[in-house]
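In what follows, a structure is listed as structure tokens, so that the remarks can point back to it.
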Amino acid sequence: MSLLVLVRHGRAAFGADRYDTLSPLGLAQAAATGTWLAAHRPGIATLWQGPRRRHAETAAEIARAGSIAAPIRAHAGLDEFGEGEELFALASASGERWDVPGEDADLARRRAYDRAIAAWAAGEGAIPGRPDFAAFRAGVRAWFAAAVAVEAPRGRTELVVTSAGVIAAVVCETLGLPDRHWLELLRPIANASLTEIAFSGGRTGLRGFNAHGHLAPDLVSAI
């Protein structure tokens, strides 16, 4: 069997005008991940990355810290369904507010963000210029099917830097889960966590999900 190691990007600029860049915490998470991979998953054959800046920055820092010289392959099927600012715009259009006096602003912002994702997944809200849930799942499915269909040499490891929505969709594909489980899987996925899929000739199996024990406690984050 060969192995896909899916890494969620490091913490980005959550709540900022532009979400798609790593924070200092995100860079530290990526460096710690690269160091762990060098010790525990050596010989990475290919480094896949999504098309976003946070994907590229995470992949570059992992490669630097882990001395990974594998060729890099970017793929649109590894893109997230929406950016932070797009989801907050959807939340605002739905009447969500996170600046209520007396409430914790960060907690209120996280709740609004989560409800916006749930509304989009349920077809109750659209993100302009972005695919709907079915099209998003189809794009991830196409990439995943092609990636695991390759007859790779036994023990080959492919590293994939992407976002939580893609990872949750890949797990649904691997386990044959219906769409309603996607959001349940999405919510707990930590930044720079590892999800591993064993594969051989199109056959797949979940080996690990959302592992983040390689991160020190002060490096763990969920947004």
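The values are calculated or read from the model by the stated rules, or taken from the named source; none is laboratory data. Since this is a predicted model, take the numbers as computed values, not measurements. Using ideal geometry, Cβ is built from the backbone for each residue, glycine included, and neighbour counts are taken over all protein chains shown. For accessibility, only protein heavy atoms count, side chains too; no ligands or nucleic acids. Shrake-Rupley method; radii C 1.70, N 1.55, O 1.52, S 1.80 Å.
At a glance:
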quantity: Sole exception among (1) in contact with a helix residue (DSSP H, G or I) (Cβ under 7 Å, 6 or more places away or on another chain); (2) at pLDDT below 95; (3) surrounded by fewer than 23 Cβ atoms within 10 Å (Cβ to Cβ); (4) within 21 Å of V170 (Cβ to Cβ) for S2, by number; calculated: (1)
quantity: Elements of type helices (runs of 4 or more DSSP H) in the stretch 1-115, at least 1 residues being under 16 Å from the mean Cα position of the chain (by Cα) and among the β-branched types (V, I, T); calculated: 24-40, 53-66
quantity: Residues satisfying the stated conditions in the stretch 166-218, i.e. open to solvent by less than 10 Å² (accessible area, probe 1.4 Å) and under 18 Å from Y113 (Cα atoms); calculated: V166, A168, W182, I189, A190, N191
quantity: Count - residues of the stretch 166-196 that are free of Cβ contacts under 8 Å to residues at least 60 places away in the same chain, in contact with a Phe, Trp or Tyr (Cβ under 9 Å, 6 or more places away or on another chain) and within 14 Å of R141 (Cβ to Cβ); calculated: 7
quantity: Residue list for the stretch 116-138, filter: of a type outside the set (A, V, I, L, M), farther than 21 Å from P178 by Cβ and open to solvent by 50 Å² or more (accessible area, probe 1.4 Å); calculated: P128, G129
quantity: Residues of the stretch 76-115 classified as open to solvent by less than 30 Å² (accessible area, probe 1.4 Å) and farther than 30 Å from Q49 by Cβ, total; calculated: 1
quantity: Failed item in (1) open to solvent by less than 40 Å² (accessible area, probe 1.4 Å); (2) at pLDDT below 95, with R156 passing the rest; calculated: (1)
quantity: V140 being touching a Leu at 6+ places or on another chain (Cβ under 6 Å) and not charged (D, E, K, R); calculated: no
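Residues are listed down the side, and each one gets a yes or a no for (1) closer than 25 Å to A142 by Cβ; (2) in contact with a strand residue (DSSP E or B) (Cβ under 7 Å, 6 or more places away or on another chain):
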| position | (1), (2) |
| --- | --- |
| L3 | yes, yes |
| L25 | no, no |
| Q29 | no, no |
| T33 | no, yes |
| A74 | yes, yes |
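Listed here are the residues, each with its yes/no results for (1) closer than 21 Å to I223 by Cβ; (2) open to solvent by 40 Å² or more (accessible area, probe 1.4 Å); (3) not hydroxyl-bearing (S, T, Y).
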{"residue": "L22", "(1), (2), (3)": "yes, no, yes"}
{"residue": "T35", "(1), (2), (3)": "no, yes, no"}
{"residue": "A39", "(1), (2), (3)": "no, yes, yes"}
{"residue": "I44", "(1), (2), (3)": "no, no, yes"}
{"residue": "R53", "(1), (2), (3)": "yes, yes, yes"}
{"residue": "A59", "(1), (2), (3)": "yes, no, yes"}
{"residue": "A63", "(1), (2), (3)": "no, no, yes"}
{"residue": "A69", "(1), (2), (3)": "no, yes, yes"}
